[in-house]
Amino acid sequence: MPNNAIQLWSPDTCGCVIHLAYDDRLPATERTFTYVTEAQAEAIVKARRDAGERNINPNPQPPAVLCAAHTPHGFTASLLSQVMEENQRKNITFGQAQQLIPALKVENYNWSFDNNRVLQVSFTGVAVNQNQRNNLQSAMDIQFGPGLIKIK
Ligand SMILES: [Zn+2]
């Protein structure tokens, strides 16, 4: 089935705003999301407006946004891959940190990406010893390859 609906994604890891196309006739658990440009998103929604569907948003699609860090990707599918990879890297690192540091809560987990998109992780408000930091660094280096995450 062709995609017939649009969802916007604004990740918490950067300022990009990305249009994702999916098929809203499928149950939520079976939907897959595909990168589309703002123009493609508008065309998908316009087709439904033109077909007379009343519950379709009459306003133009919100603009797609390319953050400064992801400008080299342009508005392409590789943008989605990169943004998704960074978002998952941040979330998976938190999940692994929680396993190694049982007292860790989300508010103790500080993260940012440096200019090379290396994930920088530190902790506040929870006791984390050097052994736990080393174990987390090793686990992340194995999972993602060395140099993508820096546990401080
Ligand atoms: Zn971005």
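The values are calculated or read from the model by the stated rules, or taken from the named source; none is laboratory data. Model, not experiment: these values are computed from the prediction. We place every Cβ from the backbone using ideal geometry, glycine too, and count neighbours over all the protein chains shown.
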**Q.** All positions within the stretch 77-122 that are of a type in the set (Ser, Thr, Tyr) and either assigned by TED's automatic domain parsing to the domain that holds ALA39 or in a helix (DSSP H, G or I) (or both)
**A.** SER78, SER81, THR93
Q | Exclusive hit being of a type in the set (D, E, K, R) and at pLDDT below 95, set ARG49, ARG133 | A | ARG49
Q) Tally time: how many residues in the stretch 123-152 are in a helix (DSSP H, G or I) and not basic (Lys, Arg)? A) 14
Q) Of the residues that sit in the stretch 16-41 and are over 16 Å from THR76 (Cα atoms) and touching a residue at least 12 places away in the same chain (Cβ under 8 Å), which one is nearest to the chain's Cα centre (by Cα)? A) TYR22
Q: Kindly list, by first and then second residue, each pair from a residue in the stretch 1-15 that is more than 14 Å from VAL36 (Cα to Cα) to a residue that is in a loop (DSSP other than H, G, I, E, B) and within 16 Å of the ligand (Cβ to nearest atom), limited to pairs with Cβ atoms under 7 Å and residues at least 6 apart or on different chains.
A: CYS14/CYS67; GLY15/CYS67
Q. How many of the residues in the stretch 1-22 are assigned to a loop (DSSP other than H, G, I, E, B) and under 16 Å from HIS70 (Cβ atoms)?
A. 7
**Q.** Residues within the stretch 46-77 that are out of contact with any Ser or Thr (no Cβ under 7 Å at 6 or more places or on another chain) and free of Cβ contacts under 8 Å to residues at least 40 places away in the same chain, tallied
**A.** 17
(Q) Quick check on the stretch 23-40. Is at least one of its residues within 16 Å of the ligand (Cβ to nearest atom) and either outside any loop (DSSP other than H, G, I, E, B) or touching an Asp or Glu at 6+ places or on another chain (Cβ under 8 Å) (or both)? (A) yes
